[in-house]
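Each remark here refers to the structure printed beneath this line.
Please treat every number below as a calculation from the coordinates, not as lab data. Note that this is a predicted model, so its numbers are computed, not measured. Every residue, glycine as well, gets a Cβ built from its backbone with ideal geometry; the counts of neighbours run over all protein chains shown.
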Amino acid sequence: MPAPVLRSQLVTFARQAAGFDVIGTSPDEFINDPEATGMVDRAVHELYDLLVQARGEEYYVKEFSFFVDPLAPEPTLWDLPQDFYQLLTVYIQSPAFLGFLVIEPFMEREVAVLKTQSLIGTYYPQMTRYRLRGEQAVSGTPPVTVPSALIEFLPTPIVGFTAFVRYLPVCTRAAVGPTITSPDIFYDGINGWEDFVIYTVAAKMVIKEERDPAPYLAMRAAAEQRIRTLAGQRNAGEPEHVVDTRGWLRRSAMGRVGGIRTRLWYP
């Protein structure tokens with residue numbers, strides 16, 4: 001079960017750790033509330049990346065699905081969710097085959113060959129490959145675009161299919177506060193692991209006051225070590241072990257069609 005902690009509490013705890021817990025003293029002169037809140041948000045993002053690394057990306061995994069319509073204006077490019085952070089797996093489903101099929105990314109040198117498959121009439125959904133694309137923000141007259149993540153499919157789809165994207169979301173910043181009149185943001189402290197955030201922010205506060213941050217960095221390092229030691233043990237009954245996810249049967253089903261590697265049949 002998560003152990004939610006309010007962002008405002010983290011600001012208070014960090015100020016107390018840095019010795020700024022008296023109103024009218026240094027926090028008002030050096031660190032105002034908006035700046036302290038920003039420090040906490042950035043430190044929480046560091047903690048999130050630390051948990052992703054220690055626990056494994058699958059701990060926070062989300063899944064997004066959409067239909068790839070070959071009649072769409074741009075059938076090869078599709079938007080990913082706004083909270084997209086890292087891609088884990090892409091698989092598809094189509095009436096052309098039974099079950100689900102995990103697809104693989106393609107490289108730039110394969111683009112011409114993959115596009116050719118749609119032109120010469122040798123396309124079938126099982127040939128689908130993907131890669132991530134990015135779109136930069138465009139300013140000017142409306143509609144103004146914002147940076148976004150895209151996924152590109154090749155060969156150009158001729159038959160529609162459903163794509164499923166399993167991905168790691170960004171660190172959640174907004175959540176329902178304790179009351180409507182006093183909004184705040186909840187973060188998951190897990191089991192006192194918010195100490196990593198507290199000491200990170202406290203160190204930044206004392207640095208701004210030109211004090212020695214070494215004691216706070218030492219406590220931050222101790223909190224980080226605790227997280228790295230315990231976070232990976234998310235399921236003590238199922239310890240991590242090495243598994244051959246492809247196997248000889250699946251490798252034997254690989255071949256080449258039109259100069260690109262593709263599956264000839266699917267176990």
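Structure above, values below:
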{"quantity": "Exposure proxy ranking, count of Cβ atoms within 10 Å, fewest first, for PHE97, PHE20, PHE67", "calculated": "PHE67, PHE97, PHE20"}
{"quantity": "Sites ARG211 and ASN32, calculated FRET efficiency, Cβ-Cβ separation with R0 22 Å, nearest 0.05", "calculated": "0.75"}
{"quantity": "Separation of the THR122 and ARG42 label points, Cα + 7 Å toward Cβ, nm", "calculated": "5.3"}
{"quantity": "Within the range 99-116, backbone nitrogen closer than 19 Å to the virtual label 7 Å beyond the Cα of ARG133 toward Cβ", "calculated": "103-116"}
